[in-house]
1. V233 versus (1) under 27 Å from N72 (Cα atoms); (2) more than 16 Å from ligand 1 (Cβ to nearest atom); (3) surrounded by fewer than 16 Cβ atoms within 10 Å (Cβ to Cβ): which is the lone unmet condition?
2. Out of all the residues in region 20-53, which are open to solvent by 20 Å² or more (accessible area, probe 1.4 Å) and of a type in the set (A, V, I, L, M, F, W, C)?
3. Would you confirm, using the coordinates I've provided, whether L219 is crowded, with 21+ Cβ neighbours inside 10 Å, more than 10 Å from ligand 1 (Cβ to nearest atom) and of a type outside the set (D, E)?
4. If the requirement is being open to solvent by 50 Å² or more (accessible area, probe 1.4 Å), within 16 Å of ligand 2 (Cβ to nearest atom) and assigned to a loop (DSSP other than H, G, I, E, B), which of these qualifies: H126, H81, H64?
5. Out of A251, A284, A222, I need the residue that is more than 30 Å from C151 (Cα to Cα) and of a type in the set (A, V, I, L, M, F, W, C). Which one?
6. Hey, could you check region 67-78 for residues that are crowded, with 24+ Cβ neighbours inside 10 Å and not in a loop (DSSP other than H, G, I, E, B) and say which is farthest from ligand 2 (Cβ to nearest atom)?
7. I'd like the full set of residues that are away from ligand 1 (no atom under 11 Å from the Cβ) and either open to solvent by less than 10 Å² (accessible area, probe 1.4 Å) or at pLDDT below 95 (or both), limited to region 3-19.
8. Of the numbered conditions (1) within 16 Å of ligand 2 (Cβ to nearest atom); (2) open to solvent by 60 Å² or more (accessible area, probe 1.4 Å); (3) of a type outside the set (F, W, Y), L257 satisfies every one except a single condition; which is it?
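The values are calculated or read from the model by the stated rules, or taken from the named source; none is laboratory data. Computed from a prediction, not measured in an experiment: that's the story for all the values here. Because the Cβ atoms are built from the backbone with ideal geometry, glycine has one as well, and the counts that use them run over all protein chains shown. Side chains are part of the model used for accessible areas, which takes the heavy atoms of the whole protein and leaves out ligands, DNA and RNA. Shrake-Rupley method; radii C 1.70, N 1.55, O 1.52, S 1.80 Å.
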Amino acid sequence: MVKKVLVTGGAGFLGSHLCRRLIMDGHKVLCADNLSTGAQKNVADLQQHTNFEFIHHDVTSALHVEVDEIYNLACPASPRHYQADPVKTLKTSVQGAINLLGLAKRLNIPIFQASTSEIYGDPLVHPQQESYWGRVNATGIRACYDEGKRCAETLFFDYHRQHQLRIKVGRIFNTYGPGMDSADGRVIPNFINQALDNQPITLYGQGTQTRSFCFVDELIDALVLIMQSPDDVTGPLNLGNPVEVSINELAQKVIKLTGSKSTIVYRPLPGDDPVQRCPDIELAKTTLGWSPKISLEKGLIRTIEYFEREIAKAR
Ligand code: NAD
Ligand code: UDP
């Protein structure tokens, strides 16, 4: 069945991949974005498509549209961006969730929330399971993002309990791939661009902190699967690749794969930077039949090729 799907944050990294996937699957897509960290160039290839429509919209204001499904991805995801205007970040997660849940309630349609591994804060349980309540510093510099996303989850579950709304909550772990903004400050675009330029690789802290990186195409598969899942699948479901690497190892891999002459420079570790992060994805495996297969090396090679093309275009 052809559906009309609202994707908020659709001009961002994940949102643009999701819009493209939904168009390829034959659906109509309404992409709503305030272009704060996203850009229309990310969806330029979709603009001519009759099934695609872009609207400049900020989710902190109500949206009056008629659609069949909502994916709420609107929120800056890079610490550099979400910390630049922390009050706006909180409003985006909280007021944005209220507005979109209200829309979903009026239309009686399912709604997906792009939640995050940041729900777990600096976790004491490892790997992180959905049953772990997390350890977030409510007054720290990451709280605008972490607490905003936690509050959004609360709102989703209260709308579900109070209004029987069909909700889908995915806790997304670090995702990377072609289409990332080279300047958004996240570790993979930073390291690849530094390496391609033979500039020093900026390692924050000692680089012993860990992350688990999922290639974007596989993450998008999971978003589509969770939306298609039966009504009683509400999540939260961890969505990520459970292969954990230290940031040091990541830097070495990027240097090797790019054949770079870059050296490593050590920079102070930002406040509240989680020490370790790795998803337990058993629930997603059993509920969605989903588990990522693309290795970090393979995904990095495709991402390096993307940034090489971007650099060549800019010349
Ligand atoms: P991104 O910054 O590339 O995309 C976010 C998009 O939301 C941008 O297009 C931005 O312009 C838009 N936006 C921000 N505030 C808005 C507002 N008030 N109104 C309308 N649009 C707004 O980030 P991303 O990596 O694509 O992340 C997308 C979503 O997935 C976010 O909600 C993020 O929290 C979540 N997430 C991403 C990751 C990841 O590793 N990429 C991990 C966990 C969660
Ligand atoms: N990081 C780093 N150098 C950089 C950018 C990030 O060492 O140039 C580290 C950062 O401190 C964190 C990890 O890489 O420990 C992942 O950072 P990112 O901002 O990509 O995501 P998040 O911290 O939200 O997982």
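1. Only one criterion in (1) under 27 Å from N72 (Cα atoms); (2) more than 16 Å from ligand 1 (Cβ to nearest atom); (3) surrounded by fewer than 16 Cβ atoms within 10 Å (Cβ to Cβ) is unmet by V233, namely (3).
2. M24, L35, A39, A44
3. Answer is no for this residue.
4. H126
5. Checking each option against the conditions leaves just A251.
6. The extreme case among them is I70.
7. V5, L6
8. Exception for L257: condition (1).
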